[in-house]
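> Next up is a structure, given as structure tokens.
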Amino acid sequence: MTSSTATATDGYHVAVEALKLNGIETIYGVVGIPVTDIARVAQAEGLRYIGFRHESDAGHAAAAAGFLTKKPGICLTVSAPGFLNGLVALANATTNCFPMVQISGSSERHIVDLQRGDYEELDQLAAARPYTKAAFRVNRVQDIGLAVARAVRIASSGRPGGVYLDIPAAVLGDVMDADQARASLRTVVDAAPDQVPSPAAIDRAVELLAGAERPLVVLGKGAAYARADDAIRAFVENTGIPFLPMSMAKGLLPDGHPQSAATARSLALRNADVVLLVGARLNWLLGHGESPQWSADVKFIQVDIDPNELDSNAPIAAPLLGDIGSVMAELAQRTREITAPSSWRDQLAARSARNTAAMAKRLGEQTHPMRFHGALRALRDVLRDRPEVYVVNEGANALDLARNVIDMTVPRHRLDSGTWGVMGIGMGYAIAAAVESGDPVVAIEGDSAFGFSGMELETICRYWLPVVVVVLNNGGVYRGDGANPASTDPSPTTLMPTARHDRLITAFGGVGYHASTPEQLEAALRKALASRGPSLIDCVIDPTDGTESGHLTHLNPVGIGHRA
Ligand code: ADP
């Protein structure tokens, strides 16, 4: 351990050393009192520190890093407001089952706890607890090693999630003997141990699948996270069962795979009689497993690491408790007993062909001004040639439409609004994907969604990351033609109609493009990707194109008032 003198060290050094010992290579954060020296020491010790402009963005980056690397992503925040900004991302990580640790400095305990009014006073530990898997405060410098190890273990094992570590300023600045500090550190062994399913549970599931007439596999982002790609592919291909990827599981098997039921989604859900859920929850994104989205007598088999998930919605006929790698390896051994009837596959293929033809027609329409589908056709054509590109996607219409049009062929290359359907993850996720992989990233953003994290363009340029931001700009939240019958102010859904987002990035030395046609967009994207530098393409989209809340219009209560 390095230190300012031969025999002494301090909380900053101990914290960095503890992270390093547990395989952490990058810290995402925003510095300030009292954590700045953690970032300085981290850099001196060979870790990467990526400094952001807002803590939520740093936190979202850490969460995405956790999903992409299967190691907890680390977010560093300052006390009180900085901590709260980061907490949004920590809560989002927990909701999405991404491993993440937020380390925050905090103010003087003896002043905060008596509420005497300190600089950035807040009971951060209490605030973090409801939104995390675990929250701890470190009260002595010699406990930092234990706390980091516990945080890494809890964030990674079982259902992954967010852990909060509160380190008061006084503890960070505390000095201790370097040898004793070294002895206090721990390395977590096998942070997420395999959890093998019981043979009886495997038999029960196989029996159900073997008797199914219309079986379906649903792959969720838990399956992508588990990195059980080979076992999943072997099971799907050797049984012939059609599969449906949830959005962040796209690419686990290529979207163009003949067994993909993605383009016959509603038919597959409504008619499946036995469904194998692999790392996908029966939450709102899957209609809670209920009719009318699903058949009333569908039987669910659920592979999950968290027993509390089972039976949380529809009844689970065959629970498969365990880690996806172990469960799918067992199921892949039993594929000779299971064959999906060809009539079911033919039925889905016929619907897929019909839906694909309808989509091709929509994508092929030449409209002026450009509509979402025209822009997405251009993006699809470029991305089809570049499977290594990571795709980040958020917005309402920009999310719903891009998810269906942009095919993925490589696992864990799509990051989006996720379980909450949240806006604001865009630049944080894009930065993490670029930093962790070194590969190019295209962030497909609605103009409203982009605004939540837009200032991180400066971060993208400062680190000169290969990120291309594509803003699908229809001039509003949902759409840009909202007349306001109630006031002379712009309507609640209106944004600046002629905004030129491309000019924002030029302020920081990146390259801006302005595209009004699919041809211009395609050329700009090819050029931007070839440059391997930061770019932003502002795409002029017809302001009348777009639906309120995208595919979620039905979630708006109607009420008796007027809706613009
Ligand atoms: P999606 O939104 O793509 O449907 P969800 O986030 O709803 O996916 O579901 C992910 C599920 O995967 C969670 O219930 C989580 O407990 C589970 N999970 C995550 N990692 C593993 C793993 N290694 N093994 C088993 N289950 C996992």
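> Scan the range 351-369 residue by residue and report those that are under 25 Å from T544 (Cβ atoms) and small (G, A, S).
A358, A360, G364
> For a quick check of your reading of the model, give me the residue pairs whose first member lies in the range 416-430 and is acidic (D, E), whose second is within 15 Å of the ligand (Cβ to nearest atom) and modelled with pLDDT of 95 or more, with beta-carbon atoms closer than 6 Å and at least 6 apart or on different chains.
Between residues of the range 416-430 that are acidic (D, E) and residues that are within 15 Å of the ligand (Cβ to nearest atom) and modelled with pLDDT of 95 or more, the close pairs are D416/S247; D416/N393.
> Within the range 134-147, identify whether any single residue is assigned to a helix (DSSP H, G or I) and either touching an Asp or Glu at 6+ places or on another chain (Cβ under 7 Å) or without any contact (Cβ under 8 Å) to a residue 12 or more places away in the chain (or both), and answer yes or no.
yes
> Considering the range 508-529 alone, what residues qualify as being surrounded by fewer than 17 Cβ atoms within 10 Å (Cβ to Cβ) and without any contact (Cβ under 8 Å) to a residue 40 or more places away in the chain?
A523, K527
> Follow-up. Can you tell me which residue among A317, A340 is part of a loop (DSSP other than H, G, I, E, B) and touching a residue at least 24 places away in the same chain (Cβ under 8 Å)?
Within the list A317, A340, the selection yields A340.
> When you check E388 against the structure, is it over 19 Å from L525 (Cβ atoms) and either surrounded by fewer than 23 Cβ atoms within 10 Å (Cβ to Cβ) or more than 28 Å from the chain's Cα centre (by Cα) (or both), yes or no?
So E388 fails the test.
> Can you tell which of L267, L285 is surrounded by fewer than 21 Cβ atoms within 10 Å (Cβ to Cβ), touching a residue at least 40 places away in the same chain (Cβ under 8 Å) and under 22 Å from G66 (Cβ atoms)?
So the residue among L267, L285 that is surrounded by fewer than 21 Cβ atoms within 10 Å (Cβ to Cβ), touching a residue at least 40 places away in the same chain (Cβ under 8 Å) and under 22 Å from G66 (Cβ atoms) is L285.
> Looking at the range 464-488, I want the residues that are closer than 14 Å to A524 by Cβ and have a partner that is among the aromatic types (F, W, Y) with Cβ atoms under 8 Å, at least 6 apart or on another chain. Which pairs are those?
So the pair list comes out as V469/F450; V471/F450; L472/F372.
> Also, I was wondering about something else. Going by the structure shown, is R214 buried (at least 20 other Cβ atoms within 10 Å of the Cβ), basic (K, R) and either modelled with pLDDT of 95 or more or away from the ligand (no atom under 13 Å from the Cβ) (or both)?
It is true that R214 is buried (at least 20 other Cβ atoms within 10 Å of the Cβ), basic (K, R) and either modelled with pLDDT of 95 or more or away from the ligand (no atom under 13 Å from the Cβ) (or both).
> Can you list the helices (runs of 4 or more DSSP H) found entirely within the range 220-282 that contain at least 3 residues being within 13 Å of the ligand (Cβ to nearest atom) and more than 20 Å from Q293 (Cβ to Cβ)?
Counting at least 3 such residues, we get 221-226, 229-239.
> Which one of these is of a type outside the set (S, T, N, Q) and within 24 Å of the chain's Cα centre (by Cα): A178, A192, A169, A201?
Being of a type outside the set (S, T, N, Q) and within 24 Å of the chain's Cα centre (by Cα) holds for just one of A178, A192, A169, A201, which is A192.
> Quickly run through the range 239-258 and pick out the residues that are touching a helix residue (DSSP H, G or I) at 6+ places or on another chain (Cβ under 7 Å) and farther than 21 Å from A402 by Cα.
T239, G240, P242
> Now for a different question. Tell me, which residue of the range 286-315 that is of a type in the set (A, V, I, L, M, F, W, C) and within 12 Å of the ligand (Cβ to nearest atom) is nearest to L276 (Cα to Cα)?
V303
> Just a yes or no: is a residue in the range 188-207 within 12 Å of the ligand (Cβ to nearest atom) and within 19 Å of A314 (Cβ to Cβ)?
Scanning the range 188-207, I find no residue that is within 12 Å of the ligand (Cβ to nearest atom) and within 19 Å of A314 (Cβ to Cβ), so the answer is no.
> Still on this model: In the range 15-36, is there at least one residue being in a helix (DSSP H, G or I), farther than 22 Å from R186 by Cα and modelled with pLDDT of 95 or more?
Looking through the range 15-36, at least one residue is in a helix (DSSP H, G or I), farther than 22 Å from R186 by Cα and modelled with pLDDT of 95 or more.
> Can I ask one more? Answer yes if at least one residue in the range 92-101 is among the small types (G, A, S) and within 12 Å of the chain's Cα centre (by Cα), and no otherwise.
Taking every residue of the range 92-101 in turn, at least one turns out to be among the small types (G, A, S) and within 12 Å of the chain's Cα centre (by Cα).
> Within the range 420-441, track down each residue that is within 16 Å of the ligand (Cβ to nearest atom) and surrounded by 19 or more Cβ atoms within 10 Å (Cβ to Cβ).
Hits for the range 420-441 are V422, I425, Y429.
> Here's a follow-up. Could you list all residues from the range 110-136 that are buried (at least 20 other Cβ atoms within 10 Å of the Cβ) and at pLDDT 95 or above?
Q124, A128, T132, K133, A135, F136
The values are calculated or read from the model by the stated rules, or taken from the named source; none is laboratory data. A quick note: this is a predicted structure, and the numbers were derived from the prediction, not measured. So basically every Cβ, Gly included, is an ideal-geometry build from the backbone, and we count neighbours across all protein chains shown.
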